[in-house]
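Okay, structure first, notes after.
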Amino acid sequence: MKTTFARCTRFVGSLVLAGGLVLSPAINAEEAASSSLPDSPQPQPQAMVHPDNGQQTKRILGVLPNFRSVSADQVLPALSPQEKFKLMAQDSFDYSAFAYVGIMAGVGFAQNSYPEFHQGAAGYGRYYWHSFADNVGGNLMSEAVVPAIARQDPRYYTLGHGGLVKRTGYSLSRLVVTRTDSDHRSFNFGEVVGNGAAAGIADLYYPSRERTWTKTGQHWVTSVALDGVSDLIKEFWPDVNHRLFHSH
């Protein structure tokens, strides 16, 4: 009995060994075939889109500050209150801002807009510091204080697509419509209320003759209109930059 069991065991073992020798080449061949097959297609990362239009630069013509402009189709995180004040400071105290204030002061000086300031170097100096205070006050209220309180984004988001009329309408509409920090649309309190507050504050340092509702309203409207012109320049600057200077 034991002899018979031993023989059966040796017989089964020989079959297993033979089967292993037969199957082994087949398995190796299958593995080799599978390794020669092309890999399954892997998802490829989407290429970055670099459209010709809508790509903003930090400065316009290499001089004018353009720090608050966002390129077309670009998504950015919300700004903290500190970052909003930093943007305001960049706009207000950039070297080009002093030249801009000088031009505005020169226009007022030439037109004798405020006879109380008189003429001459001292008169121009009065025009200059009043214009400087107007610029800083307007930026402070419309780009930092009110946007921080209302939780709105003071940056200009470039449309960059569509025809002249569409983009012009969009740009001008940014005077009354803006983004919130949570990426929703809202009335532009920073632009409208901020510039109105700055116009009211300006009454504290302008001559008494200018401290009327009419004069304050004119100051307010002028500030908003200048911001509208600035937004138009920002909207179409990428097109000008690309076509004239062949750069993005």
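The values are calculated or read from the model by the stated rules, or taken from the named source; none is laboratory data. Just so it is clear, the model here is predicted, and its values are computed rather than measured. Positions of Cβ are backbone-derived with ideal geometry, glycine not excepted, and every protein chain shown enters the neighbour counts. These area figures cover heavy atoms from the full protein model, side chains too; ligands, DNA and RNA do not enter into them. Shrake-Rupley method; radii C 1.70, N 1.55, O 1.52, S 1.80 Å.
A few points about this structure:
- Output for the stretch 179-196, where each listed residue is assigned to a strand (DSSP E or B) and not hydrophobic (A, V, I, L, M, F, W, C): Arg179, Thr180, Arg185, Ser186
- Condition check for Val75: among the β-branched types (Val, Ile, Thr), farther than 19 Å from Ala198 by Cβ and at pLDDT below 95: yes
- Count of the stretch 155-178 residues which are of a type outside the set (Val, Ile, Thr), in contact (Cβ under 8 Å) with a residue 12 or more places away in the chain, over 21 Å from Phe189 (Cβ atoms) and not in a loop (DSSP other than H, G, I, E, B): 1
- Inter-residue pairs, beta-carbon under 7 Å, first acidic (Asp, Glu) and in the stretch 98-122, second surrounded by 11 or more Cβ atoms within 10 Å (Cβ to Cβ), 6+ apart: Glu116/Pro207
- Test: residue in the stretch 114-121 that is of a type in the set (Phe, Trp, Tyr) and open to solvent by less than 30 Å² (accessible area, probe 1.4 Å): yes
- Hey, Gln46 closer than 23 Å to Pro238 by Cβ, modelled with pLDDT under 95, of a type outside the set (Gly, Ala, Ser) and crowded, with 19+ Cβ neighbours inside 10 Å or not: no
- Taken over the stretch 202-214, the criterion of being in a helix (DSSP H, G or I) and surrounded by fewer than 17 Cβ atoms within 10 Å (Cβ to Cβ) is satisfied by Ser208, Arg209, Trp213, Thr214.
- Number of the condition not met by Asp153 [criteria: (1) open to solvent by 40 Å² or more (accessible area, probe 1.4 Å); (2) modelled with pLDDT of 95 or more]: (1)
- Inside the stretch 215-247, residues that are surrounded by 14 or more Cβ atoms within 10 Å (Cβ to Cβ) and assigned to a loop (DSSP other than H, G, I, E, B) make up a count of 0.
- Odd one out for Thr216, checked against (1) touching an Asp or Glu at 6+ places or on another chain (Cβ under 9 Å); (2) over 24 Å from Glu116 (Cα atoms); (3) without any contact (Cβ under 8 Å) to a residue 60 or more places away in the chain: (2)
- Residue within the stretch 207-219 that is closer than 26 Å to Gln55 by Cα and more than 16 Å from the chain's Cα centre (by Cα) present: no
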